[in-house]
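Okay, structure first, notes after.
The values are calculated or read from the model by the stated rules, or taken from the named source; none is laboratory data. None of these values were measured; they are calculated from a predicted model. Backbone-built Cβ (ideal geometry, glycine too); neighbour counts: all protein chains shown. Each accessible area value is taken on the protein alone, full model and side chains, heavy atoms only, with ligands, DNA and RNA left out. Shrake-Rupley method; radii C 1.70, N 1.55, O 1.52, S 1.80 Å.
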Amino acid sequence: MKLVFAGTPEVAVPALDALIASGRHEVAAVVTRPDAPAGRGRRLVASPVAERAAEAGIEVLRPSKPRDPEFLERLREIGPDCCPVVAYGALLPRVALDVPAHGWVNLHFSLLPAWRGAAPVQHSIMSGDEITGASTFLIEEGLDSGPVYGTVTEEIRPTDTSGDLLTRLAFAGSGLLAATMDGIEDGTLKPVPQPTDGITLAPKITVEDARVEWSAPALRVDRVVRGCTPAPSAWTTFRGERLKLIQVTPVPERTDLAPAEIAAGKNSVHVGTGSYAVELLWVQAQGKKPMRAADWARGVRIGAGETLGA
């Protein structure tokens, strides 16, 4: 088939690579978000998908909105049979959805209908799921509600951050998306409507969602930190300033600390929760680089009875 691939961040690149490498389909163009300011100089930078497409000599379309007349005209000129999508980052209007004969097929990083929305991987970790996966589905105008072509499953490991899990799903999902394109082309794959039960929503994680509540159980604290790593970063406060929590680990044998109470030893920093303690492993103080928590604690000289999050 002739394909127009839509995607923007680094997590979409493995799927684009898989489609380019398959040799079975022609990736005629890529649709991505416009170049965005980045870095201290705030200079405009192309998206990872745009950069990869340019390397491969593929035309790059950067509409400010996917309903822009110029973009729709060019899309019709290309005449794609299908438009595979991975983390494009903009809602597609009906006028665009109707262009390819086989529609727009999205690779979504959950086992639909679970975790529909912008942050499925973060929510699956924060909710304590043991299994997740990726799904390919036909895009409708509803939120991730279209019929499903196929799925792959992935175990959530006890120390997985959302970054770890998303990387694995990006590569597993790339094979699923390529296989879905093959099945659509040869007519062996038909989408199946999603069940009406088991629907959960995964809205974007806000900065406030990432604030650690020390009255929560240790396992919840651990899941919030892992689910919000690398973004938007879990955080708390210490002496009135924000402290990012990069890595923690539960310490079930320590139950003598009140919620948020800090106990700093020579080589460890423990904090009480609503159940047992967690050990802070890596933190980042305001205006500083990430560091080992024990080094941070020595630098700030934590006093007896001091707490986090006050």
Residue that is farthest from Lys2 (Cα to Cα), among those in region 15-51 that are without any contact (Cβ under 8 Å) to a residue 60 or more places away in the chain, touching a strand residue (DSSP E or B) at 6+ places or on another chain (Cβ under 6 Å) and outside any strand (DSSP E or B): Asp35
Any hit, region 106-116, residues being open to solvent by 20 Å² or more (accessible area, probe 1.4 Å), in a loop (DSSP other than H, G, I, E, B), farther than 24 Å from Thr196 by Cα and at pLDDT 95 or above: no
Some residue of region 237-256 being on the phi < 0 side of the Ramachandran plot, at pLDDT below 95 and open to solvent by less than 50 Å² (accessible area, probe 1.4 Å): no
Cβ-Cβ under 7 Å pairs, at least 6 apart or on other chains, region 268-281 side within 22 Å of Gly299 (Cβ to Cβ) and modelled with pLDDT of 95 or more, far side surrounded by 19 or more Cβ atoms within 10 Å (Cβ to Cβ) and of a type in the set (S, T, N, Q): Leu281/Gln247
Conditions (1) at negative phi; (2) in contact (Cβ under 8 Å) with a residue 24 or more places away in the chain; (3) among the charged types (D, E, K, R); (4) surrounded by 16 or more Cβ atoms within 10 Å (Cβ to Cβ): number failed by Glu155: (4)
Only listed residue being in contact with a strand residue (DSSP E or B) (Cβ under 7 Å, 6 or more places away or on another chain) and not in a strand (DSSP E or B), chosen from Gly287, Gly274: Gly274
Within region 187-202, tally of residues that are open to solvent by less than 80 Å² (accessible area, probe 1.4 Å) and closer than 30 Å to Leu3 by Cβ: 7
Single residue of Glu213, Glu185, Glu208 found to be farther than 21 Å from Val13 by Cα, more than 16 Å from the chain's Cα centre (by Cα) and not in a loop (DSSP other than H, G, I, E, B): Glu185
Ala6 in a strand (DSSP E or B), small (Gly, Ala, Ser) and touching a Cys at 6+ places or on another chain (Cβ under 8 Å): yes
Scope region 52-81; condition open to solvent by 30 Å² or more (accessible area, probe 1.4 Å) and touching a residue at least 60 places away in the same chain (Cβ under 8 Å); matching residues: Gly79, Asp81
